[in-house]
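Asks: Handing you a structure now.
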Amino acid sequence: MRFLKKTRYEQDIALLEHNGQRFWYGLLLLLVLGAPFLIDGFYLGELSLVAIYAIAGCGLMLLVGFTGQVSLGHAAFLAIGAYCHTWCLGAGVPLLPSLLIAMSLSAAAGMIVALPALRMTGIYLAVATLAFAVIVEQGIAHWESVTGGYRGLAVPDASLFGLSVTDTTFFYYFCVALMLLATLALLNLLRSPTGRAFVAIRDSETSAQGMGIGLARYKTLAFALSAALTGLAGGLLAHKIGYLAPDAFNLIMSIQLLLMVVVGGLGSIHGIFYGALFLGFLPQGIALLRDALPPALANIPGLEPGIFGALLILMLIVEPDGLYGRWLKIRQYLDEFPLYRAKTHKRQKQFLRTERLR
Amino acid sequence: MSLLSVRELSLSFGGVRALSDLSFDVEKGEVFSIIGPNGAGKTTIFNLISRLYEPDSGRIVFAGEEMTKLPAHRIAAQGIARTFQNTELFEHASVLDNLLIGCHVHRQTSLFSQMLFLPSVRRQELAFRKVAEDVIDLLDLAAWRHQVIEGLPYGVRKMVEIARALCVQPSLLLLDEPSSGLNPEETEDLAFWLEDINEELGITVLMVEHDMNLVAQASDRVLAVADGQFLALGTADEVRSHPDVQRAYLGDAADSGAQA
């Protein structure tokens, strides 16, 4: 165990608390930057996908994990980002401005979704966002002049400083850089008034208002920021998949994104990355599993979504705090060994219910 | 001029008249208590002042400003902070974060500067921390500073809620039954802290309270209400011995007993 003697308030504000963290995160950063030299092209591509998922995860975690607003419609923001970026590239806009435009359009769509969110909570909000996702998917399918409908839309090549995004190594670094920026922005927000306002809304809307936090303003802001990050991920995803079709952004995608933050651990930044790794490599895992299974089982249609769904339910029952929550418990066990008490994390029943003004 | 004046405030929920034509004034610098039997409309008064309820008629004027037009989230910036009867803390945040959320109305940095965590944001965070630490010192919460609210004992939660309200740096503090759920010792501490808050920080306190000892010890003036109507106003002793107040609490038996 490590005991920190803090003598300045800055130590509580700092992102990295002590040298141990600096060492391990530094090592992780080196590994991430060195990945192109360590693994082959296919897995590097998969890692870029993990970075893209992590960017979308930052957006969704901000909304679901920190502001407490459920969204089953994030595939729509991914789609808006992807199609807008592709269309802009086709119109001759350079890579970075095009991504910025995609983010802005997605953020605007997020603000529109926030309008009903101001009046709805929980399951009703989930249904409303789901409806939004269906509308966007259908809109893309039928607005053929811009999106190509079901025929699809090829994503043009783009380059930055003369390096093309079709170059696997460059694309990997590009995605990782944007992922780090997104994470840093989210971390900074969470240690400043705006991020705390989101958390306040999640935990008690009544007293958030009492502390001077305008619900309309901050919920709209949370949706806009979340949609912008997801739109950015959508733009990158367009390059990754190379050819856009409406069914790439269907309901399953929305559920997978939500699954990512729930499996990772709601309300934690680490959870985003655990979830993104999980989501990025689960298809590989399932493919390997398919090879190992007898053909009768392996060829069942819908094996993949089935396993996704089963894992989600299992996760909610066994470990609602997600993979990161499980890791924290394991670490505590190791820290306190052999004094760890079995019921340390047993959930307590709350006998006190507050009167809520709704 | 009074700090807070409530004029002919009325509110009905369906057929239930929660408040009818209630008027009172709170003077700057005093501790003003509202007492009354259950269902008298005490918490309703608080919810009207903090704009969670819309009054049917009447006015609330605070420091010369009409409050009845403002949305709920603008009340804190006017200088009114409140606590809740059964505590409404941010359960999954630490005590410190709860207090820092209390500082929210004093923020002066933009969204983008916060995303980049510019030096101005860092300075502001340090200033907020100083405010929070002063409150932690005042209310003796240092032992709980980094604990998450979920799992804290009830007495500590009550104090954290008062602390969070103090971080707003209000001129008027609304306390909704601060002593409910506290043991006698904690209630005694509370009386001292109320004095500190009132005298050292110069904050006017308006509280709803059932514990008459605490009310008598801490308040300058007491208002008694029953069934949403004005009963009596005066010092704790005057109100306690007022015949209408005794009737409201003890029923008519008190009268017949006194006569017999």
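Asks: Exactly one condition in (1) part of a loop (DSSP other than H, G, I, E, B); (2) more than 7 Å from chain A (Cβ to nearest Cβ) is false for B:CYS103; which is it?
Replies: Every listed condition holds for B:CYS103 apart from (1).
Asks: Same structure again: Six or more apart or on different chains, Cβ atoms under 7 Å: show the pairs whose first residue is in region B:201-221 and without any contact (Cβ under 8 Å) to a residue 40 or more places away in the chain and whose second is part of a strand (DSSP E or B).
Replies: Once the first residue is without any contact (Cβ under 8 Å) to a residue 40 or more places away in the chain and sits in region B:201-221, its partners that are part of a strand (DSSP E or B) give B:ILE203/B:LEU173.
Asks: Right, next: Restricting to helices (runs of 4 or more DSSP H) lying wholly in region A:62-158: which have 3 or more residues that are open to solvent by 60 Å² or more (accessible area, probe 1.4 Å) and either touching a residue at least 60 places away in the same chain (Cβ under 8 Å) or in contact with an Asp or Glu (Cβ under 6 Å, 6 or more places away or on another chain) (or both)? Before the answer, list the steps.
Replies: Working: elements: A:74-90, A:95-117, A:122-142, A:144-147.
Where helices (runs of 4 or more DSSP H) fall fully within region A:62-158 and carry at least 3 residues being open to solvent by 60 Å² or more (accessible area, probe 1.4 Å) and either touching a residue at least 60 places away in the same chain (Cβ under 8 Å) or in contact with an Asp or Glu (Cβ under 6 Å, 6 or more places away or on another chain) (or both), they are A:95-117.
Asks: Another question about this same structure. Out of A:ILE39, A:ILE13, report the one residue that is over 18 Å from the mean Cα position of the chain (by Cα), open to solvent by 50 Å² or more (accessible area, probe 1.4 Å), over 23 Å from A:LEU160 (Cα atoms) and at pLDDT below 90. Write out each step before concluding.
Replies: On the way: A:ILE13 fails: open to solvent by 50 Å² or more (accessible area, probe 1.4 Å).
Step by step, each of A:ILE39, A:ILE13 is checked, and only A:ILE39 is over 18 Å from the mean Cα position of the chain (by Cα), open to solvent by 50 Å² or more (accessible area, probe 1.4 Å), over 23 Å from A:LEU160 (Cα atoms) and at pLDDT below 90.
Asks: Okay, next question. Given the options B:ALA191, B:ALA132, name the one that is within 13 Å of another protein chain (Cβ to nearest Cβ) and modelled with pLDDT of 90 or more. Quick ask: steps written out before the conclusion?
Replies: Details: B:ALA191 fails: within 13 Å of another protein chain (Cβ to nearest Cβ).
Only one candidate qualifies: B:ALA132.
Asks: Just to be sure, is A:ARG341 outside any helix (DSSP H, G or I) and either at pLDDT 85 or above or open to solvent by 70 Å² or more (accessible area, probe 1.4 Å) (or both)?
Replies: Criteria met by A:ARG341.
Asks: Scan (1) without any contact (Cβ under 8 Å) to a residue 24 or more places away in the chain; (2) open to solvent by 20 Å² or more (accessible area, probe 1.4 Å); (3) over 24 Å from B:PHE192 (Cα atoms) for the single condition B:ALA142 breaks and write down its number.
Replies: (3)
Asks: With the requirement that a residue be of a type in the set (A, V, I, L, M) and within 27 Å of the chain's Cα centre (by Cα), what does region A:135-150 give you? First the steps, then the outcome.
Replies: Start the filter on region A:135-150 by keeping residues that are of a type in the set (A, V, I, L, M), which leaves A:135-136, A:140-141, A:146.
Those that are of a type in the set (A, V, I, L, M) and within 27 Å of the chain's Cα centre (by Cα): A:ILE135, A:VAL136, A:ILE140, A:ALA141.
Asks: Same structure, new question: Which residues, counting only those in region A:197-218, are more than 7 Å from chain B (Cβ to nearest Cβ) and either crowded, with 23+ Cβ neighbours inside 10 Å or in contact with a Phe, Trp or Tyr (Cβ under 9 Å, 6 or more places away or on another chain) (or both)?
Replies: Hits for region A:197-218 are A:PHE198, A:ILE201, A:ARG202, A:ALA208, A:TYR218.
Asks: Quick one: in region B:89-100, which of the residues that are open to solvent by 10 Å² or more (accessible area, probe 1.4 Å) and at the interface with chain A (Cβ under 7 Å from one of its Cβ atoms) is nearest to B:GLY202 (Cα to Cα)? Please lay out each step first, then the result.
Replies: Step one: list which residues in region B:89-100 are open to solvent by 10 Å² or more (accessible area, probe 1.4 Å), which gives B:91-92, B:94, B:96-97, B:100.
Narrowing the set further to residues that are at the interface with chain A (Cβ under 7 Å from one of its Cβ atoms) leaves B:91-92, B:97, B:100.
Numbers: B:GLU91: 30, B:HIS92: 32, B:ASP97: 25, B:LEU100: 21 Å.
That would be B:LEU100.
Asks: Let me ask something else. Please find, among B:GLN108, B:GLN124, B:GLN114, B:GLN85, the residue that is open to solvent by 30 Å² or more (accessible area, probe 1.4 Å), facing chain A (nearest Cβ under 9 Å) and not aromatic (Phe, Trp, Tyr).
Replies: Working: B:GLN108 fails: facing chain A (nearest Cβ under 9 Å); B:GLN124 fails: open to solvent by 30 Å² or more (accessible area, probe 1.4 Å); B:GLN114 fails: open to solvent by 30 Å² or more (accessible area, probe 1.4 Å).
That would be B:GLN85, the only listed residue that is open to solvent by 30 Å² or more (accessible area, probe 1.4 Å), facing chain A (nearest Cβ under 9 Å) and not aromatic (Phe, Trp, Tyr).
Asks: Which residue, of A:PHE161, A:PHE170, is among the aromatic types (Phe, Trp, Tyr) and either within 19 Å of A:CYS88 (Cα to Cα) or within 14 Å of another protein chain (Cβ to nearest Cβ) (or both)? Can you show your working first?
Replies: Numbers: A:PHE170 fails: either within 19 Å of A:CYS88 (Cα to Cα) or within 14 Å of another protein chain (Cβ to nearest Cβ) (or both).
Only one candidate qualifies: A:PHE161.
Asks: Quick one: would you say A:ILE272 is modelled with pLDDT of 90 or more, surrounded by 22 or more Cβ atoms within 10 Å (Cβ to Cβ) and under 14 Å from the mean Cα position of the chain (by Cα)? Show your work before the answer.
Replies: Numbers: modelled with pLDDT of 90 or more: yes; surrounded by 22 or more Cβ atoms within 10 Å (Cβ to Cβ): yes; under 14 Å from the mean Cα position of the chain (by Cα): yes.
Judged against the criteria, A:ILE272 is a match.
The values are calculated or read from the model by the stated rules, or taken from the named source; none is laboratory data. This one's a predicted model, so the numbers in the text were calculated from it and none came from an experiment. Ideal geometry is used to build each Cβ from the backbone, glycine not excepted, and the neighbour counts take in all protein chains shown. The accessibility values were calculated without ligands, DNA or RNA, using every heavy atom of the protein model including side chains. Shrake-Rupley method; radii C 1.70, N 1.55, O 1.52, S 1.80 Å.
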